[in-house]
Amino acid sequence: MYKAGEVVHSSFFLADALDVAPHLLKMQLVRQFNNEQIIKLQITEVEIYRGEEDLGCHASKGRTPRTEVMYLPGGCIYVYLIYGMYWLLNITTGPENHPQAILIRGTKEIQGPGRIGRALELDKSFYGEEINSSDRLWLEWCPLYNSGKYQTLPRVGIHYAGEYWANIPWRLKSF
DNA sequence: AGCGGGATTGCA
DNA sequence: GCAATCCCGCTT
């Protein structure tokens, strides 16, 4: 399997979001800036957005310029601007034409998806970039960081999606 | 509990 | 074209 610090292979993200998400809780998000400075964030909280039937998922609107990347084979960076201010970071998963993404909601160092995007200095140019071949944002396996245990909770901020999809426990939080 | 802020979408 | 909405964070 993987060793600590090892970069995650692209085929890893072709699996279903429900299977991939728990493993993201054992990974570090690594950002290398233009000035060669590197920061590493330990992922602690993620949310699953899965399929057109998921009314909380942007892909519930179907294939649009914004959701296009979720229809490609998994392993791409999906960023979008929310409330005119925050770039939220998602990693796409699943095979082609199965639109899914996993939102990075929290890290040990920085909590909140908006703050994470700000710390990583994300912008539109990251849209569609492959997480396994990027030279400025990637994931590293970090299996020894936590116990692998996590709690499941409803996702945040999707009250509009109806009771079922708003309550489905697709937020994973490590402890 | 209210607002900033701008892209995205749907409807005309 | 326009108006409504939005996977948030910060301030009151």
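Overview of values
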read-out	value
Tally, over the range A:109-134, of residues that are over 18 Å from A:VAL20 (Cβ atoms) and either in a helix (DSSP H, G or I) or at pLDDT below 95 (or both)	9
Single condition A:TYR78 does not satisfy, out of (1) within 18 Å of A:LEU14 (Cα to Cα); (2) at pLDDT below 95	(2)
Every pair of residues 6+ apart whose Cβ atoms lie under 9 Å, when the first sits in the range A:146-162 and is more than 15 Å from A:GLU47 (Cα to Cα) while the second is within 11 Å of DNA strand C (Cβ to nearest atom) and part of a helix (DSSP H, G or I)	A:TYR160/A:ALA166
The lone exception for A:LEU120 - which of (1) open to solvent by less than 40 Å² (accessible area, probe 1.4 Å); (2) within 16 Å of DNA strand B (Cβ to nearest atom) it fails	(2)
Every residue from the range A:51-69 that is of a type in the set (Val, Ile, Thr) and open to solvent by 10 Å² or more (accessible area, probe 1.4 Å)	A:THR64
Only one of A:LEU72, A:LEU18, A:LEU14 that is farther than 18 Å from A:GLU129 by Cβ, among the hydrophobic types (A, V, I, L, M, F, W, C), open to solvent by 40 Å² or more (accessible area, probe 1.4 Å) and modelled with pLDDT of 95 or more	A:LEU18
Within the range A:98-114, tally of residues that are open to solvent by 20 Å² or more (accessible area, probe 1.4 Å), in contact with a helix residue (DSSP H, G or I) (Cβ under 7 Å, 6 or more places away or on another chain) and of a type in the set (S, T, N, Q)	0
Some residue of the range A:63-73 being within 9 Å of DNA strand C (Cβ to nearest atom), in contact with a Lys or Arg (Cβ under 7 Å, 6 or more places away or on another chain) and among the hydroxyl-bearing types (Ser, Thr, Tyr)	yes
The listed residue being open to solvent by less than 30 Å² (accessible area, probe 1.4 Å), outside any loop (DSSP other than H, G, I, E, B), in contact with a helix residue (DSSP H, G or I) (Cβ under 8 Å, 6 or more places away or on another chain) and closer than 17 Å to A:ILE158 by Cα, out of A:ILE77, A:ILE48	A:ILE48
Set A:LEU25, A:LEU41: member being closer than 19 Å to A:ASP135 by Cα, more than 16 Å from DNA strand B (Cβ to nearest atom), in contact with a strand residue (DSSP E or B) (Cβ under 9 Å, 6 or more places away or on another chain) and not aromatic (Phe, Trp, Tyr)	A:LEU41
Identity of the residue in the range A:43-57, of a type outside the set (A, V, I, L, M, F, W, C), at negative phi and in contact (Cβ under 8 Å) with a residue 40 or more places away in the chain, that ends up nearest to DNA strand C (Cβ to nearest atom)	A:TYR49
Some residue of the range A:141-155 being assigned to a loop (DSSP other than H, G, I, E, B) and modelled with pLDDT of 95 or more	yes
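The values are calculated or read from the model by the stated rules, or taken from the named source; none is laboratory data. Owing to the predicted nature of the structure, the values given are computational and were not obtained by experimental measurement. Cβ sites come from the backbone with ideal geometry, for glycine too, and all protein chains shown count toward neighbours. For accessibility, only protein heavy atoms count, side chains too; no ligands or nucleic acids. Shrake-Rupley method; radii C 1.70, N 1.55, O 1.52, S 1.80 Å.
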